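Novice: Please find one structure pasted underneath; my questions will follow.
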Amino acid sequence: MAQKKTMIELFAGVGGFRVGLEPHGWKTVFANQWEPGKKNQWAFDCYARHFPQGKNSNEDVAKVDASSIPDHTLLVGGFPCQDYSVAATLATSKGIQGKKGVLWWEIQRIAEAKRPRYILLENVDRLLKSPAKQRGRDFSIILSCLNALGYSVEWRVVNAADYGFVQRRRRTFIFATLNRKIYEKSTPGAIIEQSGFFAKTFPVNQDSIATVKIGETEIPRDLVAITKSFKFEYANAGYCKDFNCTTIRTTPVYHGPQTVLNDILEKDVPEKYYIQESKLDQWKYLKGAKKEPRKTSAGFEYIFSEGPIPYPDPLDRPARTMLTSEGTTNRSSHIIEDPETKRLRILTPVECERIDGFPDHWTEGMPERTRYFCMGNALVCGLIEKMGGTLDKIVEGTFE
């Protein structure tokens with residue numbers, strides 16, 4: 001029997017999850033987007049303008065009463081990578097408390113209260129290795145929390161360009177489900193490489209089980225114990241059920257078309273996006289290799305070094321990862337040679353929207369600098385749309 005396609009979107013930004021899932025018929029019944037310390041809530045305004053349906057919340061998610069959120073089948077969100085460590089409360093040795101303002105605990109709180117059948121989350125790829133001094137601790141806390149609520153969990157680090165998209169953007173995706181039937185006939189290794197949610201959505205080499213090291217561990221149920229001493233090396237894909245975790249390093253398999261930077265460029269680009277002649281040397285320096293003496297604020301001398309970045313960016317390859325500084329005079333901003341004028345320029349806001357898979361002019365109406373920031377902060381919508389196709393089969397009972 002097909003399940004209701006209702007969802008909520010937390011940390012919604014300008015709506016990347018919704019853009020990817022609405023074509024599959026998902027109805028968003030609640031969304032929250034709030035930028036702390038900002039007078040102008042540009043991302044929320046953009047979201048509400050495109051999606052006036054449903055309940056749109058523009059307040060600190062920690063202040064949202066979970067009982068006020070409508071029931072839903074799917075919870076989605078792109079939450080920040082933070083310190084998820086916990087401590088024992090003073091009131092009781094059994095209680096725990098996470099650091100104030102750490103947004104993972106709001107996901108955990110809402111999931112515990114509403115019990116959505118499915119959860120789909122996005123984070124940076126370094127989530128699996130943080131913090132640096134205790135590798136895997138933070139991700140172990142997330143897995144332990146979800147397992148404690150009865151969820152089976154998969155994860156995969158996906159580089160969008162590996163599956164034909166126009167950006168080399170690596171992100172960790174987490175899929176959690178209370179629907180254990182979809183896994184009952186498979187081993188953890190087979191789930192990761194052949195039969196699981198991510199394997200069906202983003203195929204990988206299915207021979208690696210025999211050729212690469214499989215990591216296995218039992219994750220502590222005690223979050224304080226994880227915080228104090230637990231660490232584990234997670235590979236780019238894995239499966240965790242009942243606190244038993246299996247992880248494998250996978251390699252993508254894709255034979256479809258590849259979109260490149262040249263495919264998404266605008267024509268007749270306004271003059272303001274071109275680099276002035278007087279600025280060319282500055283850009284060349286920013287993009288170039290460096291090995292030069294510098295001093296800290298305390299007067300300590302050191303040698304600063306960094307490698308070169310393509311200048312200009314090649315048009316026959318996918319774009320590099322967009323950052324929130326895109327469009328500024330910054331080493332990470334893309335510089336291209338315009339095919340029409342043969343002059344160097346930055347990308348336009350519309351081109352950045354296309355790189356993330358949003359419709360043209362999606363962020364129009366906010367300051368241009370904010371448009372770039374929002375796209376540097378967004379996800380690749382096409383990846384979510386592909387996951388939506390797999391979710392369709394799961395909720396319709398045709399997933400095999």
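Read-outs throughout are calculated quantities, based only on the coordinates presented, and are distinct from any laboratory measurement. What you are looking at is a predicted structure, and each value in this text was computed from that prediction instead of being measured. Reconstructed Cβ throughout: ideal geometry from the backbone, glycine too, with neighbour counts over all protein chains shown.
Novice: Suppose each label sits 7 Å from its Cα in the direction of the beta carbon; what would the Asp45-Val253 distance come out to in nanometres?
Specialist: 4.9 nm
Novice: Would you kindly enumerate the cysteines in the chain that have no other Cys beta-carbon under 4.7 Å from their beta-carbon?
Specialist: Among the cysteines of the chain, those whose Cβ sits 4.7 Å or more from every other are Cys46, Cys81, Cys145, Cys352, Cys374, Cys381.
Novice: Just to check I understand the Karplus step: with θ = phi - 60° and J = 6.51 cos²θ - 1.76 cosθ + 1.60, what whole-Hz values come out for the stretch 240-248, glycine and proline as x?
Specialist: Here the 3J(HN,Hα) series is 9, 9, 6, 6, 9, 10, 10, 9, 9 Hz.
Novice: Quick one: Debye curve from the alpha-carbon atoms of the stretch 261-347 only, equal weights, vacuum; give me log10 I(q)/I(0) at q = 0.12, 0.18 Å⁻¹ to two decimals.
Specialist: After summing over all Cα pairs, the log10 values are -0.43, -0.83.
Novice: Amide H neighbours of Val86 under 5 Å, counting only residues 5+ apart in sequence or on other chains, H built in-plane at 1.01 Å?
Specialist: Amide H to amide H, under 5 Å and 5 or more residues apart or across chains, Val86 pairs with Thr227.
Novice: Give me the base-10 log of I(q)/I(0) for the stretch 273-400 at each q in 0.15, 0.20 Å⁻¹, Debye formula, one uniform scatterer per Cα, rounded to two decimals.
Specialist: The computed values of log10 I(q)/I(0) come out as -0.83, -1.16.
Novice: Can you tell me which of Lys241, Lys63, Lys200 moves the most in a GNM of the chain? Springs connect C-alpha atoms under 10 Å apart.
Specialist: Maximum among the listed residues: Lys63.
Novice: Greater than 21 Å separation of Cα atoms is the criterion. Which listed pairs, Lys39/Lys63; Lys185/Lys241; Lys27/Lys241, meet it?
Specialist: Going by Cα-Cα distance, Lys27/Lys241 fall outside the 21 Å limit.
Novice: Once Lys and Arg get +1 and Asp and Glu get -1 on their Cβ, which of Phe304, Ala289, Leu315 lies farthest toward the positive end of the dipole of the stretch 261-347?
Specialist: Final value for the positive-end residue is Phe304.
Novice: Using alpha carbon centroids, what distance separates the stretch 24-38 and the stretch 281-323, in Å?
Specialist: Spelled out, the Cα-based centre of one part sits 36 Å from the other.
Novice: Determine, for Trp155, Trp104, the number of other Cβ atoms within 10 Å of each Cβ, and report the residues in order from fewest to most.
Specialist: Working: Trp155 29, Trp104 21.
Taking fewest neighbouring Cβ atoms as first place, the list is Trp104, Trp155.
Novice: Could you go through the stretch 113-121 in sequence order and give the Karplus-derived ³J(HN,Hα) for each residue, using 6.51 cos²θ - 1.76 cosθ + 1.60 with θ = phi - 60°, rounded to whole Hz, and x for Gly and Pro?
Specialist: Values, residue by residue: 7, 9, 6, x, 5, 9, 10, 10, 10 Hz.
Novice: Give the Debye-formula value of log10 I(q)/I(0) at each listed q (0.12 Å⁻¹), with one equal scatterer per alpha carbon of the chain, two decimals each.
Specialist: Values, matching the q order: -1.05.
Novice: Sticking with this one: Which percent, nearest 5, of DSSP beta bridges in the chain are antiparallel? Kindly include the intermediate steps, with their values, before the conclusion.
Specialist: Numbers: 43 of 61 bridges.
Counting DSSP beta bridges with both partners in the chain, the antiparallel share is about 70 percent.
Novice: Separate question: Can you figure out the FRET efficiency of Arg294 with Thr341, using R₀ = 35 Å and their beta-carbon distance, to the nearest 0.05? Please report the intermediate quantities before stating the final value.
Specialist: Details: r = 37 Å, r/R0 = 1.05.
It comes out at approximately 0.40.
Novice: Among DSSP beta bridges whose residues both lie in the stretch 6-163, state the antiparallel percentage, nearest 5.
Specialist: On the way: 3 of 19 bridges.
Around 15 percent antiparallel, to the nearest 5.
Novice: May I ask you to list the lysines whose Cα is less than 26 Å away from that of Lys287, ignoring any residue fewer than eight positions away on the same chain?
Specialist: The reachable lysines, counting only those whose Cα sits under 26 Å from Lys287, are Lys267, Lys272, Lys279, Lys295, Lys342.
Novice: Taking 0.36 nm per residue of separation and subtracting the Cα-Cα distance, what length does fully extending Asp263 through Arg317 add?
Specialist: Values: separation 54, 0.36 × 54 = 19.44 nm, distance 0.97 nm.
Taking 0.36 nm per residue and subtracting the Cα distance, the gain is 18.5 nm.
Novice: Let me ask you something else. Between Ala235 and residues 5 or more places away or on another chain, which pairs have amide H atoms under 5 Å apart, with H built 1.01 Å from N, and which residues are they?
Specialist: Those qualifying (amide H under 5 Å, at least 5 residues apart or on another chain) are Ile248.
Novice: Points 7 angstrom from Cα along the Cβ direction at Asp125 and Glu301: gap in nanometres?
Specialist: Here the modelled spin labels are 3.7 nm apart.
Novice: In whole Hz, what ³J(HN,Hα) sequence does the stretch 334-343 give by Karplus (6.51, -1.76, 1.60; θ = phi - 60°), x for Gly and Pro?
Specialist: These are the phi-based 3J(HN,Hα) values: 6, 10, 10, 8, 4, x, 7, 9, 6, 9 Hz.
Novice: Label-point separation (nm) for Lys279 and Glu216, each offset 7 Å from Cα along Cα-to-Cβ?
Specialist: 5.7 nm
Novice: Taking the Cα centre of the chain as origin, work out the dipole magnitude from +1 charges on Lys and Arg Cβ and -1 charges on Asp and Glu Cβ, in debye rounded to 20.
Specialist: Rounded to the nearest 20 debye, it is 1100 debye.
Novice: A further question follows. List every residue whose amide H lies under 5 Å from the amide H of Thr73, counting only residues 5 or more places away in sequence or on a different chain, with H placed 1.01 Å from N in the peptide plane.
Specialist: Thr6, Met7
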